[in-house]
Amino acid sequence: MRRASIFLMLLALLVPITSLSYASYQVANISVNVALNQNLSARVNESMQVIISNQSVKQYSTSRSAINLTLSGWQQIVGPMLVPHIINPSGSIYGLNFLPGPAIPSGNGYMANIIMTYYVSNVTTVNQISPRVYQYKFNSKVFNFEHGVSGEILSPNTTLTISVPSGAYIKTVYPLQDTPPYTFAGNYKNITSVSWSSGEPLSKFTFEFVVKQPIREEVENFFLSVYKRLGIYSYIIIVLIILTFVLYSYYRAGR
């Protein structure tokens, strides 16, 4: 019994020590930028600005120069908010790059930007709504933010920005974005990205955009699909089609 009591006392002392490592790092703001691609994936760029106490700046600088310190290792230093905020429930992120910036004097302490970039697959789904026109819908299940009473919400001091591929146009946004201003609500012509600020409810999040495929790209995709099905024989078929067209043109010209 006496040994158990001593163990519990030591455990009680360790809990405050663990929480102190997080208390030395205060998250000032988080910026999550999601660039959507036509192949259903997204490139995510996250930037976390942290305020570091004078007592912890040496620890931060030492950790920054460490070669083998992983993301999970940095989470133990900075705190649980240092996580990828866009994840695929049925897969994993890939191409992760992690860059802790230098500690810069600011006020009574220091400030640093921690950058994280990665890719996520199956962030959107797509349906063809007319010839050469495709409508994409964002999958809100990939969000990894906080959970409130009514569902998932955008974390405090956090900005979420979603941008569409080049040539696409935004069709539906809910809830209404904070940037651009509400005067653009329902009219997203020439708008390529929208942003939401902290506290925004995400439980009924909807984001849709439309891509109109050029004729050239449609032809290329057609021949690519033929090649995937027929292999080398597809080249023979294409040559026969071109030869038939040339012979027919000569025949018409000679009449």
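The values are calculated or read from the model by the stated rules, or taken from the named source; none is laboratory data. Here the structure is a predicted model, which means the values were calculated and not measured. No Cβ is skipped: glycine too gets one built from the backbone with ideal geometry, and neighbour counts run over all protein chains shown.
Annotations
- Comparison of Ser106, Ser92 shows that the only residue that is among the polar types (S, T, N, Q), free of Cβ contacts under 8 Å to residues at least 24 places away in the same chain and farther than 27 Å from Lys212 by Cα is Ser92.
- Number of the exception - Asn68 against (1) outside any helix (DSSP H, G or I); (2) modelled with pLDDT of 80 or more; (3) more than 29 Å from Gly167 (Cα to Cα): (2)
For every residue, the table says whether it meets (1) without any contact (Cβ under 8 Å) to a residue 40 or more places away in the chain; (2) within 16 Å of Ala28 (Cα to Cα); (3) in contact with a helix residue (DSSP H, G or I) (Cβ under 6 Å, 6 or more places away or on another chain); (4) surrounded by 11 or more Cβ atoms within 10 Å (Cβ to Cβ).
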| position | (1), (2), (3), (4) |
| --- | --- |
| Asn39 | yes, no, no, yes |
| Arg43 | no, no, no, yes |
| Met48 | no, yes, no, yes |
| Ile51 | no, yes, no, yes |
| Lys58 | yes, no, no, yes |
| Ser65 | yes, no, no, no |
| Asn68 | yes, no, no, no |
| Ser72 | yes, no, no, no |
| Met81 | no, yes, no, yes |
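- The listed residue being more than 30 Å from Tyr136 (Cα to Cα), in a strand (DSSP E or B) and modelled with pLDDT under 95, out of Pro16, Pro105, Pro80: Pro105
- The sole residue among Tyr60, Tyr110, Tyr118 that is in the same structural domain as Asn29 (by TED's automatic domain parsing), aromatic (Phe, Trp, Tyr) and either in a loop (DSSP other than H, G, I, E, B) or closer than 28 Å to Val164 by Cβ (or both) is Tyr118.
- Test result for Val44, in contact with a strand residue (DSSP E or B) (Cβ under 7 Å, 6 or more places away or on another chain) and under 26 Å from Ala168 (Cα atoms): yes
- Answer residue from region 146-155, given it is in a loop (DSSP other than H, G, I, E, B) and surrounded by 14 or more Cβ atoms within 10 Å (Cβ to Cβ) and is modelled with the highest pLDDT among those: Leu154
- Yes/no for Leu40 being assigned to a loop (DSSP other than H, G, I, E, B), out of contact with any Pro (no Cβ under 8 Å at 6 or more places or on another chain) and in the same structural domain as Phe207 (by TED's automatic domain parsing): yes
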